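The structure appears below as structure tokens.
The values are calculated or read from the model by the stated rules, or taken from the named source; none is laboratory data. Every value quoted in this text rests on a predicted model; they were computed, and no experiment measured them. Cβ sites come from the backbone with ideal geometry, for glycine too, and all protein chains shown count toward neighbours.
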Amino acid sequence: MNTLKESYTSFLKDIEANIQNKEDLLYVKARFAKFLDVVLEEMDRIMEYRKQEVEELEKKQNQLDEKMEKMEQIVSHIEQDIYSEDGFDFEIVCPYCNYEFVIDVDEEKTEIECPECHNMIELDWSGDLEDDEQGCSGSCSSCHGCAEDVEEEDDTEEAQAQENDEDDDM
């Protein structure tokens, strides 16, 4: 702004030095002052427009910052869900009443009570299928027919043993 003031002062001195007629000098000064007023008004308008643009950009930046913060929270929660050992759910189907319910994984627990029939359910976190490979003992109260499969296998084995005995007798 200092340069503008110096240029204006220099301009007035130059006009005063080169225009000898006082009426012409006053006319040029007045006309230039009106022109300068228009220029300054336009500069004010441009500055106000720039100020509004800056405010709008700041507002948009704040909105982006808020969105970014929300996204960071969501990502943080996702990471916790993925990498946290706590909070894993395990679906249980009660072998006594077939009631389905969900429990948190806790390898310290060896049994849990069914919330429906209140029978105790043994929990095996090892993932071994040894019990399943041995077959059903037929002793559970909600047998799904697996004991019949064991009986059928026993009958088949007995029939084969009898056939082998008959073949040996011949």
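Quick notes
- Residue within the range 81-95 that is more than 30 Å from residue 116 (Cα to Cα), aliphatic (A, V, I, L, M) and at pLDDT 95 or above present: no
- Selection status of residue 52, under 22 Å from the mean Cα position of the chain (by Cα), of a type in the set (S, T, N, Q) and in the same structural domain as residue 11 (by TED's automatic domain parsing): no
- Where residue 32 falls short, out of the listed (1) modelled with pLDDT of 90 or more; (2) exposed (fewer than 12 other Cβ atoms within 10 Å of the Cβ): (2)
- Matching option when the condition is closer than 30 Å to residue 9 by Cβ, modelled with pLDDT of 90 or more and either of a type outside the set (A, V, I, L, M) or part of a helix (DSSP H, G or I) (or both), among 65, 44: 44
- For first residues located in the range 1-22 and under 21 Å from residue 43 (Cα atoms), partners that are of a type outside the set (Lys, Arg) and lie 6+ apart or on another chain with Cβ distances below 8 Å form the pairs 8/36; 11/32.
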